[in-house]
Ligand SMILES: NC(=O)c1ccc[n+]([C@@H]2O[C@H](COP(=O)([O-])OP(=O)(O)OC[C@H]3O[C@@H](n4cnc5c(N)ncnc54)[C@H](OP(=O)(O)O)[C@@H]3O)[C@@H](O)[C@H]2O)c1
């Protein structure tokens with residue numbers, strides 16, 4: 001039986017493929033869009049790479065062939081990207097629907113989706129709506145499914161920490177988006193990958209939507225202070241109300257790679273924490289990594 005990872009070149013997907021390849025050598029299949037994105041994954045032993053795209057049904061059928069029992073769906077367009085040509089809807093919603101249909105057709109029994117904490121129905125046309133519909137596609141499926149909703153992630157390659165630290169380095173002030181009081185529960189990428197595998201293998205997690213977070217809550221202001229201390233710079237902190245942040249995001253949208261998007265602001269508008277601060281320990285039985293010792297040891301790549 002094989003484990004198929006869709007979104008295997010992503011921040012979480014890479015970690016997941018790595019852990020799966022150690023646990024199931026010779027049984028892991030990773031769907032990739034292009035070999036050029038493989039990087040260090042290319043050196044993993046016992047992983048089969050197949051090319052495919054979630055918008056291409058035939059490539060999904062082909063990725064699911066020969067007895068795939070579990071699909072880990074970790075592909076998405078994240079909120080830091082531009083919504084060019086309706087990309088959010090096409091990849092997040094239509095892509096997930098395609099993958100669910102292909103998995104059902106192939107007789108896959110277990111489907112694990114990585115979504116995000118705080119996903120709600122969302123306004124029509126919003127980024128949040130695409131995340132909600134992505135989850136709904138999985139909840140409606142006939143397979144044994146589990147949806148994971150992580151808070152923000154840390155680890156090498158974390159967009160949240162690295163992109164923001166880069167902006168802080170560039171600008172003379174550090175903006176506290178939305179005032180800085182939104183709360184987060186940062187979790188290490190390896191802990192998310194580990195919890196994902198455990199979720200896929202637990203009967204008790206079937207049909208559940210599970211929030212994932214580290215064991216600490218931080219306000220956005222506290223995270224900004226930590227990032228500044230980690231990259232050893234001082235900046236004046238400027239609370240930026242949401243309306244002003246949205247105006248900035250609208251202007252930045254003219255750039256090919258905007259440093260701030262409206263979708264990111266949608267995600268920053270609500271507390272991004274799980275109801276149970278010890279969710280990893282209680283649901284998965286291990287202690288997640290702590291943010292501050294990690295940052296002190298590894299820093300933030302800027
Ligand atoms: N990172 C976080 O802090 C965080 C926090 C909470 C929730 N999440 C959620 O976790 C999930 C994974 O996040 P991530 O950070 O790993 O994202 P990521 O690094 O942006 O990776 C996204 C993955 O999706 C793939 N992908 C995009 N479009 C595709 C398509 N048309 N066909 C096939 N694959 C496609 C990408 O492939 P390419 O490499 O070819 O582009 C990449 O492998 C997302 O749902 C995200 O919202 C992430």
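Quick notes on this structure:
- Rounded to 5, percent antiparallel among DSSP beta bridges of the chain: 5
- Restricting the calculation to Cα atoms, every distinct pair contributes to the Kirkwood radius of the stretch 237-299, found to be 15.0 Å.
- The chain: angle of helix 159-170 to the longest principal axis, Cα-based, in degrees nearest 10: 30
- Listed residues 217, 43, 127, most fluctuating in the chain (Gaussian network, C-alpha, under 10 Å): 43
- Helical runs assigned H by DSSP (4 residues or longer) give the chain a calculated mean residue ellipticity at 222 nm of -11000 deg cm²/dmol, each run adding -39500 (n - 2.57) before division by the residue total.
- Residues 152, 231, ranked from the fewest to the most other C-beta atoms within 10 Å, line up as 231, 152.
- DSSP-defined beta bridges in the stretch 148-302 - what % are antiparallel, rounded to 5: 15
- Sequence-distant contacts, meaning Cα pairs under 8 Å at least 6 residues apart, place the relative contact order of the chain at 19 percent.
- Selected from 215, 21, 40 as most flexible by GNM, with the chain as the system and alpha-carbon contacts under 10 Å: 40
- Most mobile listed residue (131, 183, 235) in the chain, GNM with C-alpha springs under 10 Å: 235
- Neighbour-count ranking [beta-carbon atoms within 10 angstrom, fewest first] of 145, 132: 132, 145
- Kirkwood-Stokes translational diffusion coefficient of the stretch 1-156, alpha-carbon pairs, 37 °C, 0.692 mPa s, µm²/s: 210
- A compact globular protein would have a Cα radius of gyration near 2.2 N^0.38 Å; the ratio found for the stretch 119-278 is 1.13.
- Stretch gain in nm, segment residue 201-residue 282, where the contour uses 0.36 nm per residue and the Cα spacing is subtracted: 27.5 nm
- The angle between the Cα long axis of helix 127-139 and the longest principal axis of the Cα atoms of the chain comes to about 30 degrees, rounded to the nearest 10.
- Angle in degrees between helix 96-106 and the longest Cα principal axis of the chain, rounded to the nearest 10: 20
None of the figures in this text is laboratory data; all of them are computed from the coordinates on show. All values derive from a computational prediction rather than experimental measurement. Positions of Cβ are generated from backbone atoms using ideal geometry, with glycine treated the same way; all protein chains shown enter the neighbour counts.
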